[in-house]
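For reference, the structure discussed in these notes is given below.
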Amino acid sequence: MAQELFLPNRRLFLGAFGLSLFTTRGLFAEQLFATPALTEGPFYPDKLPLDQDNDLILIKDSTTPAVGEIAHLFGKVVDEQGQPVKNAVVEIWQCDANAVYLHTADSGPKQKQQDQHFQGFGRFTTGSTGEYRFRTIKPVPYPGRPAPHIHVKVKRGDRELLTTQLLIRGHEGNAKDGVFRQTRDLIDRELLLVDFKPIKDSKIGELSANFEIVLGRTPDERPERRPQ
Amino acid sequence: MRTLIASTCAGAVLLGAVWTLAQPPQPPPPPPPPRPGESREGNGGDVKSFLARLLTFDANQDGKLSKDELTDTRLQALFDRSDANHDGSVTKEELTKLYTKESAALGPAGRGGPGGPGGRGDRGPRPPGGRPPREGANGLQDEDHGRPVEQVAKELGVTPEKFREVFKKVRPAGPGQQPTEEQRQANRKILSEGLGVSPERLDEVMDKYRPGGKTNQGPRPPQGGKRP
């Protein structure tokens, strides 16, 4: 395996196999519901950090972890037939525990507030199973965004396949959040909500969060006139 | 410890395999064809399409969903919320009740929501589930932040595509900020030159369709700026 998978806890490893129900449905079903898109927002990093791995809690060789509740985010990238998507580049970015994004437009004016130990951005390329995972912090609200969220982007080759956000299921801020309220369909809303569950054996209060990514057809694949 | 992990995982794989074999390989029924006058599209649409989408999981066609039938684990929470009498099965009535209750709780479409002309409704059919957002420098999405782009474009004598394209070049203010006078003038210039209309005509039309009514300011992102 080219990339190290975080397997700190066998419960998480088993969790990955629980997804067999999900993918089996894909073999029989007409189509899985595609993960809905949400706006990219203004803070996709303008300068990618030196460390772009899937661990946002530790930057490079630093031993000082980021502030926040540690969350293990994992899932599978599949197509609408439930087939795993290999070589999908999954990127996540989010504000740190003090509500500062890595993007210079945000972190520039907020240097003193920023958690210098939070990587702010991470990347993972799926293998043949389509699985991905990250170690990051549980997201927190940001001014103007009462719903804590993690931005997610999926690319393959030079094509962007999906840009969206995942939110915390049950968070009171979701109902007031302007971006989330734009998603009116109840099923679509459900597909963006993630449970952040305590990991029972963790002595440091780690959480696990499972976010399945189902890729629908992109504009390039639809029979449309290509833009010049 | 490693042996324990290995054997537990092997057990989980075996369980998954056994489950797969036990399941009779029959696809769930295809969604019913749209009745006359009823559109199949309707994400953010009506209760009929909501029910239709969920009942694609009704493998035994008894008009109800059992927990076993709902193989997409992402919808488990929705199922649990719908199962009012906790009998492990969800009826159309229970789903309809939930839909009515939760759609009402969403309230009227917020700023930037789809409603009205230029909203999602008149954009023609699109596949259910995810769709990629139209990318723009200031994160404009299909909803165009409540502006009826078709009408604005028509009044300015350009195509909606051209309008959106030129609008992408507009420099947004930071989140929660108003643009400076300098930015406002620059944006106005970009738009009037890009669209081939006079700044006065531009102001006139933009003010006419500005969500929240006319203000003294030139074209600007909706209050609160783009949402991170």
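The values are calculated or read from the model by the stated rules, or taken from the named source; none is laboratory data. Worth saying up front: this structure is predicted, and the values here are computed from it rather than measured. Reconstructed Cβ throughout: ideal geometry from the backbone, glycine too, with neighbour counts over all protein chains shown. We work out accessible area using only protein heavy atoms, side chains counted, and drop any ligands, DNA or RNA first. Shrake-Rupley method; radii C 1.70, N 1.55, O 1.52, S 1.80 Å.
Suppose we filter B:ASP68, B:ASP72 for residues that are at pLDDT 90 or above, open to solvent by 90 Å² or more (accessible area, probe 1.4 Å) and within 12 Å of chain A (Cβ to nearest Cβ); which single one remains? Working first, answer last.
Working: B:ASP72 fails: open to solvent by 90 Å² or more (accessible area, probe 1.4 Å).
Answer to the check: B:ASP68.
Yes/no matrix, rows are residues, columns are (1) over 13 Å from A:TRP93 (Cα atoms); (2) at pLDDT 95 or above; (3) among the acidic types (Asp, Glu):
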residue	(1), (2), (3)
A:ILE137	no, yes, no
A:VAL140	no, yes, no
A:VAL152	no, yes, no
A:ASP158	yes, no, yes
A:LEU166	no, yes, no
A:ARG169	yes, yes, no
A:GLY173	yes, yes, no
A:PHE180	yes, yes, no
A:VAL194	yes, yes, no
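Please count how many residues of the range A:95-108 are within 17 Å of the chain's Cα centre (by Cα) and buried (at least 21 other Cβ atoms within 10 Å of the Cβ).
The qualifying residues number 4.
Taking B:LEU95 as the residue in question, decide whether it is under 30 Å from A:GLU40 (Cβ atoms) and at pLDDT 50 or above. Spell out the reasoning first.
Values: under 30 Å from A:GLU40 (Cβ atoms): no; at pLDDT 50 or above: yes.
No; evaluated as a whole, the condition is false for this residue.
Select from the range A:189-213 the residues that are part of a helix (DSSP H, G or I) and open to solvent by less than 10 Å² (accessible area, probe 1.4 Å) and write down the one among them that is farthest from B:ALA77 (Cα to Cα).
This residue is A:LEU191.
In this structure, is B:GLY225 more than 28 Å from the chain's Cα centre (by Cα), modelled with pLDDT under 80, within 26 Å of A:GLY144 (Cα to Cα) and surrounded by 17 or more Cβ atoms within 10 Å (Cβ to Cβ)?
Working: more than 28 Å from the chain's Cα centre (by Cα): no; modelled with pLDDT under 80: yes; within 26 Å of A:GLY144 (Cα to Cα): yes; surrounded by 17 or more Cβ atoms within 10 Å (Cβ to Cβ): yes.
For B:GLY225, the condition - more than 28 Å from the chain's Cα centre (by Cα), modelled with pLDDT under 80, within 26 Å of A:GLY144 (Cα to Cα) and surrounded by 17 or more Cβ atoms within 10 Å (Cβ to Cβ) - is not met.
Of everything in the range A:129-156 that's closer than 15 Å to A:ALA66 by Cβ and not in a loop (DSSP other than H, G, I, E, B), which residue is most open to solvent (accessible area, probe 1.4 Å)?
Restricting to residues being closer than 15 Å to A:ALA66 by Cβ and not in a loop (DSSP other than H, G, I, E, B), the top hit is A:ARG135.
Quick one: how many residues across the range A:46-92 are open to solvent by 10 Å² or more (accessible area, probe 1.4 Å), over 13 Å from the mean Cα position of the chain (by Cα) and within 14 Å of chain B (Cβ to nearest Cβ)?
Total satisfying the criteria: 5.
Residues to consider are A:GLN119, A:GLN111; find the one that is away from chain B (no Cβ under 14 Å), outside any helix (DSSP H, G or I), farther than 20 Å from A:PHE211 by Cα and open to solvent by 10 Å² or more (accessible area, probe 1.4 Å).
Just one listed residue meets the conditions, A:GLN111.
Give me a count of the residues in the range A:163-179 that are over 24 Å from A:PRO198 (Cα atoms) and over 11 Å from the mean Cα position of the chain (by Cα).
So the answer is 4.
Filter the range B:101-116 for residues that are open to solvent by 50 Å² or more (accessible area, probe 1.4 Å) and at pLDDT below 60; which is nearest to the other protein chains (Cβ to nearest Cβ)?
B:ARG111
Is it the case that some residue within the range B:44-59 is modelled with pLDDT under 75, surrounded by 15 or more Cβ atoms within 10 Å (Cβ to Cβ) and over 22 Å from A:VAL194 (Cα atoms)?
Scanning the range B:44-59, I find at least one residue that is modelled with pLDDT under 75, surrounded by 15 or more Cβ atoms within 10 Å (Cβ to Cβ) and over 22 Å from A:VAL194 (Cα atoms), so the answer is yes.
What about A:THR126, is it open to solvent by less than 10 Å² (accessible area, probe 1.4 Å), hydroxyl-bearing (Ser, Thr, Tyr) and closer than 19 Å to A:ASP195 by Cα?
No, not satisfied.
Please go through the range B:61-97 and pick out each residue that is of a type in the set (Asp, Glu) and under 22 Å from the mean Cα position of the chain (by Cα).
Matches in the range B:61-97: B:ASP72 only.
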